[in-house]
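Report on the following structure.
The values are calculated or read from the model by the stated rules, or taken from the named source; none is laboratory data. The model shown is predicted, which means the values in this text are computed figures rather than measured ones. Using ideal geometry, Cβ is built from the backbone for each residue, glycine included, and neighbour counts are taken over all protein chains shown.
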Amino acid sequence: MDQLPPVDPGQIELEVPRPSGDPELPGPFPVGRYAGKLQEEMRKRARVLLVGEVTGVGRSRVQAYFELRDGDGAVPCAIWLNDLERAGLPEGALRDGAELVIAGGPDYYPGGGAASPSFCFRATHVRLAGEGDLMLRLEALRKQLRGEGLFELQRQLRRPLLPRTLGVVTAESGAARRDLLAGLRRRGWAGTVVWAFAPVQDRRAAPAITAAIQDLAARPEVEAIVVTRGGGSLADLWAFCDETLCRTVAMLRVPVVSAVGHERDSTLIDDVAAVACSTPTHAAEAAVPLDCVAARRELGRAGNSLRRAADGAVAVRARHLGSLARGPARALRRERSKLNQMIREVRAASERGLAERSTFQRRIAAVVLERARRRAIERTVAGVAEERRRGAVIERAATRDLARRREALRRAAVTLRAHDPERTLERGYALAESAAGEPVTSAAAAAAAGAVKLRFADGRVGARVERDG
């Protein structure tokens with residue numbers, strides 16, 4: 001870090017008189033103002049990145065405190081909890097022994113009163129360094145690929161039980177290649193290996209491995225692909241966590257067996273491969289699921305058993321034929337006796353079958369007839385009930401209709417009675433009729449008739465019509 005520039009004395013107001021005998025220096029300045037100016041100057045310093053090991057982690061309500069150290073020195077650091085949360089570090093990442101990269105600049109707290117002044121490197125951003133950073137990136141990529149469903153595609157592929165041709169991606173020299181071949185020999189496998197050599201540790205490794213896998217998958221004779229290398233740190237194995245490589249493996253239609261690193265190592269290709277193995281030997285077993293040595297032993301035992309069974313069957317047939325050759329008549333009588341016994345058994349079985357069938361048919365008939373009788377009774381009872389219900393409905397309807405008709409007739413009688421001429425005669429009126437019994441409805445008609453009959457309520461009388469005046 002550059003040396004801090006001197007504070008310009010002209011920027012600080014001189015308030016304390018200079019006693020005689022003081023050195024010829026600027027000042028004296030009030031401590032508070034000098035401390036404030038010092039804080040201002042420190043905060044103007046350029047922001048930088050620091051890397052080191054964390055020690056002495058502590059927290060307050062608003063800040064986290066720690067020292068960042070290496071072999072040559074240490075710097076006290078602080079970060080606001082809001083900034084720490086935004087950094088997105090895994091739970092417990094800020095701990096003693098962790099290696100961090102922090103961004104920020106120097107800061108100074110002037111103190112005052114009972115508070116002590118303090119210097120710190122004020123961090124605004126923080127991330128894991130070294131393998132911690134790689135682990136963070138690995139987990140983020142693992143979460144992304146899992147969310148896209150890429151971990152299940154290879155596992156859904158059907159792996160051949162005994163492939164004839166295997167593709168292998170590995171370094172041209174190394175223990176992984178030898179261990180894989182030794183494992184295949186122990187399985188007794190006699191197929192073909194198609195080698196695709198590629199660098200397995202540097203910036204060129206991931207593209208080269210991806211291209212090698214694609215070349216092997218394009219060959220129609222390759223039934224499965226093994227990707228293997230020895231152990232190492234996560235940085236050494238980082239090529240096998242490459243996103244493009246892992247997406248390529250996940251989308252292949254050829255099953256891929258991953259054997260990268262040792263059992264404690266975990267790379268992203270293990271998650272997307274059809275099978276993840278801890279060693280090249282285990283990869284040989286996964287690539288060739290059938291143990292050819294054990295299968296050959298089992299085939300040998302099965303062949304021996306088959307030969308023994310065949311020899312035994314031939315011997316039995318030979319003894320039988322020999323017996324027939326020595327006494328044909330005796331054998332014929334024996335076979336005839338067997339035939340007669342079989343005929344008797346067949347007849348007895350037939351008779352039993354007929355009797356059982358007859359009994360069964362009678363039972364079935366009884367059950368069927370009884371069910372039919374019950375159903376007929378149920379239908380009859382239901383029919384009678386239905387007819388009764390319908391009769392009741394019809395009777396109620398007829399009763400209602402008769403009542404309606406009676407009411408209509410009563411109303412018609414009342415109406416007719418209201419219009420009956422007899423009612424008018426009862427009130428003292430008379431009805432004039434001609435000799436023919438036709439009603440006389442005008443004076444002119446009465447004069448023309450000369451004589452009329454007057455009809456009263458209690459009888460008729462004759463009348464002669466005379467002209468008035």
Checklist (1) touching a helix residue (DSSP H, G or I) at 6+ places or on another chain (Cβ under 6 Å); (2) buried (at least 16 other Cβ atoms within 10 Å of the Cβ); (3) not assigned by TED's automatic domain parsing to the domain that holds residue 201 applied to residue 124, failing item: (2)
For residue 162, work out the one condition from (1) over 22 Å from residue 226 (Cβ atoms); (2) surrounded by fewer than 18 Cβ atoms within 10 Å (Cβ to Cβ); (3) touching a residue at least 24 places away in the same chain (Cβ under 8 Å) it doesn't fulfil. (1)
Tally, over segment 407-427, of residues that are within 18 Å of residue 461 (Cα to Cα) and of a type in the set (D, E, K, R): 3
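Among what's in segment 33-47 and is among the aliphatic types (A, V, I, L, M) and surrounded by 15 or more Cβ atoms within 10 Å (Cβ to Cβ), pick the residue that is farthest from the chain's Cα centre (by Cα).
Here the answer is 35.
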Selected residue (only one of 142, 137, 127, 146 is in a strand (DSSP E or B) and farther than 30 Å from residue 293 by Cα): 127
Filtered residues of segment 191-206 (kept if within 20 Å of residue 271 (Cα to Cα) and either touching a residue at least 60 places away in the same chain (Cβ under 8 Å) or outside any loop (DSSP other than H, G, I, E, B) (or both)): 205, 206
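For every residue, the table says whether it meets (1) surrounded by fewer than 13 Cβ atoms within 10 Å (Cβ to Cβ); (2) touching a residue at least 12 places away in the same chain (Cβ under 8 Å).
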| site | (1), (2) |
| --- | --- |
| 247 | no, yes |
| 257 | no, yes |
| 302 | yes, no |
| 311 | yes, no |
| 320 | yes, no |
| 323 | no, no |
| 341 | yes, no |
Would you check if there is a residue in segment 244-261 being in a loop (DSSP other than H, G, I, E, B), in the same structural domain as residue 163 (by TED's automatic domain parsing) and in contact with a Gly (Cβ under 6 Å, 6 or more places away or on another chain)? yes
Subset of segment 423-439 that is more than 10 Å from residue 454 (Cα to Cα) and among the aliphatic types (A, V, I, L, M) - its residue that is modelled with the lowest pLDDT: 425
If residue 188 satisfies every condition in (1) at positive phi; (2) in a helix (DSSP H, G or I) but one, which is the exception? (2)
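Tell me, yes or no, whether segment 351-370 has at least one residue that is within 25 Å of residue 459 (Cβ to Cβ) and free of Cβ contacts under 8 Å to residues at least 24 places away in the same chain.
no
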For residue 431, which of the numbered conditions (1) in contact with a Lys or Arg (Cβ under 7 Å, 6 or more places away or on another chain); (2) exposed (fewer than 10 other Cβ atoms within 10 Å of the Cβ); (3) not acidic (Asp, Glu) fails to hold? (2)
Can you name the condition, by its number, that residue 191 falls short on among (1) modelled with pLDDT under 90; (2) out of contact with any Lys or Arg (no Cβ under 8 Å at 6 or more places or on another chain)? (2)
Can you name the residue in segment 451-469 that is among the small types (Gly, Ala, Ser) and surrounded by 11 or more Cβ atoms within 10 Å (Cβ to Cβ) and, of all such residues, is farthest from residue 421 (Cα to Cα)? 451
